[in-house]
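First comes the structure, then the notes that go with it.
The values are calculated or read from the model by the stated rules, or taken from the named source; none is laboratory data. Keep in mind it's a predicted model, so treat the numbers as computed, not measured. Every residue, glycine as well, gets a Cβ built from its backbone with ideal geometry; the counts of neighbours run over all protein chains shown. Side chains included, ligands, DNA and RNA excluded: accessible areas come from the protein's heavy atoms. Shrake-Rupley method; radii C 1.70, N 1.55, O 1.52, S 1.80 Å.
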Amino acid sequence: MRAAELSELAAFAAVARHKSFRKAGEERGVTASAVSHAVLNLEDRVGIRLLNRTTRSVSLTEAGELLISHLDPAFGEMAGALDALNRYRDTPFGKVRINVPNSIGPFVIGHVIGPLLKKNPNLQLEINATDRLVDIVDEGFDAGIRFGERVTEGMIALRIKPRIRLVVVGSPAYFETRPKPETPHDLKRHLCIQNMFPSGARYAWEFEKDGQTVSFQPTGPLSLDDHELMMQAALDGVGLAYVWEPRAEKAIASGELVQVLDDWCQLEESLYLYYPSRRHMSAGFRAVIEAMRAA
């Protein structure tokens, strides 16, 4: 088989996997137009339409379904053969893509990056930091980082970090005119910065003490989906913020922020590095796993 024909098949397989010419192009490092041209060439060569295309969607024809059913195992075997060669290299190489929540990324993986790349100069890390709920398989990531209760069923999960918690903080200036809350119920009398998911949905502040749980839906003049901005708003006296403790600890230690309801703020579920399979694991990905385990 000629190289051009193999490239056309690989382009078609990428489109079939992502149901998108744009995502297929991103995976292959080419433009969506180049992927479309390759698939058209393949269809012309075999004389059968393999994809149904509209301005909004891409789907497989019956012939396309048949072809991909044969291509997937074949490409899997080729990837496995190439991956086996990694064991004969002295250092890991290639690209490893990881998805991590933006709100916890800096203190979960930030300190791992430098030593990992220094030890493995042929490794390329691509880290996507977003609090959007991501399907790592659908979007082409090697692994993701999430709290235990959010790890997709069937994934291999490696605990990577001691448990952390969300805490409530406000500036000294804010508390000059308002009493510190003693229970979560007292928050109703305070200005609270609302936490948002990237989708725009607000999420509640969760508290627990002596077996009693309280879910508080904050109200206030400001809603944010970024913990760094929440921190800054709290420092500016806008209101109380509900942020990850490692992000706020320096400001608390310096007195720039005051922590309240400490005994009501409990540890979250453990964090996990998760991935779909141990099969065909590259040396580069194994290096990432070992670095996260060591950290």
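Numbers below:
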quantity: Helices (runs of 4 or more DSSP H) within region 224-295 that include 3 or more residues farther than 17 Å from Arg165 by Cα; calculated: 227-235, 283-294
quantity: Residue ID - most open to solvent (accessible area, probe 1.4 Å), chosen from residues in region 256-295 that are assigned by the TED database to the domain that holds Asp210 and among the β-branched types (Val, Ile, Thr); calculated: Val258
quantity: Matching residues, region 188-198, being more than 28 Å from Phe107 (Cα to Cα) and either touching a Lys or Arg at 6+ places or on another chain (Cβ under 8 Å) or touching a residue at least 60 places away in the same chain (Cβ under 8 Å) (or both); calculated: Arg189, His190
quantity: Flag if Ile127 is in the same structural domain as Ile98 (by the TED database), open to solvent by 40 Å² or more (accessible area, probe 1.4 Å) and not in a helix (DSSP H, G or I); calculated: yes
quantity: Hits in region 19-30 - residues which are open to solvent by less than 20 Å² (accessible area, probe 1.4 Å) and within 17 Å of Gly64 (Cβ to Cβ); calculated: Ala24
quantity: Test: residue in region 199-216 that is part of a loop (DSSP other than H, G, I, E, B), touching a residue at least 60 places away in the same chain (Cβ under 8 Å) and open to solvent by less than 70 Å² (accessible area, probe 1.4 Å); calculated: no
quantity: Top-ranked residue of region 31-66 - restricted to ones that are assigned to a loop (DSSP other than H, G, I, E, B) and at pLDDT below 90, ranked as surrounded by the most Cβ atoms within 10 Å (Cβ to Cβ); calculated: Ser57
quantity: Condition check for Asp226: under 15 Å from the mean Cα position of the chain (by Cα), crowded, with 16+ Cβ neighbours inside 10 Å and acidic (Asp, Glu); calculated: no
quantity: Residue in region 186-193 that is surrounded by 13 or more Cβ atoms within 10 Å (Cβ to Cβ), assigned to a loop (DSSP other than H, G, I, E, B) and among the charged types (D, E, K, R) present; calculated: no
quantity: Lone unmet requirement of (1) in a helix (DSSP H, G or I); (2) exposed (fewer than 14 other Cβ atoms within 10 Å of the Cβ) for Leu71; calculated: (2)
quantity: Test result for Thr177, touching a residue at least 40 places away in the same chain (Cβ under 8 Å), of a type in the set (Val, Ile, Thr) and either open to solvent by 30 Å² or more (accessible area, probe 1.4 Å) or in contact with a His (Cβ under 6 Å, 6 or more places away or on another chain) (or both); calculated: no
quantity: Given (1) of a type in the set (A, V, I, L, M); (2) part of a strand (DSSP E or B); (3) exposed (fewer than 12 other Cβ atoms within 10 Å of the Cβ), number of the condition Leu166 does not satisfy; calculated: (3)
quantity: Some residue of region 35-55 being under 28 Å from the mean Cα position of the chain (by Cα) and among the hydrophobic types (A, V, I, L, M, F, W, C); calculated: yes
quantity: Members of region 160-192 found to be within 24 Å of the chain's Cα centre (by Cα) and at pLDDT 95 or above, listed by number; calculated: Val167
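Here's the yes/no breakdown for (1) closer than 30 Å to Gly144 by Cβ; (2) small (Gly, Ala, Ser); (3) not assigned by the TED database to the domain that holds Ile109:
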| position | (1), (2), (3) |
| --- | --- |
| Pro221 | no, no, yes |
| Asp225 | yes, no, yes |
| Val238 | no, no, yes |
| Val243 | yes, no, yes |
| Ala248 | yes, yes, yes |
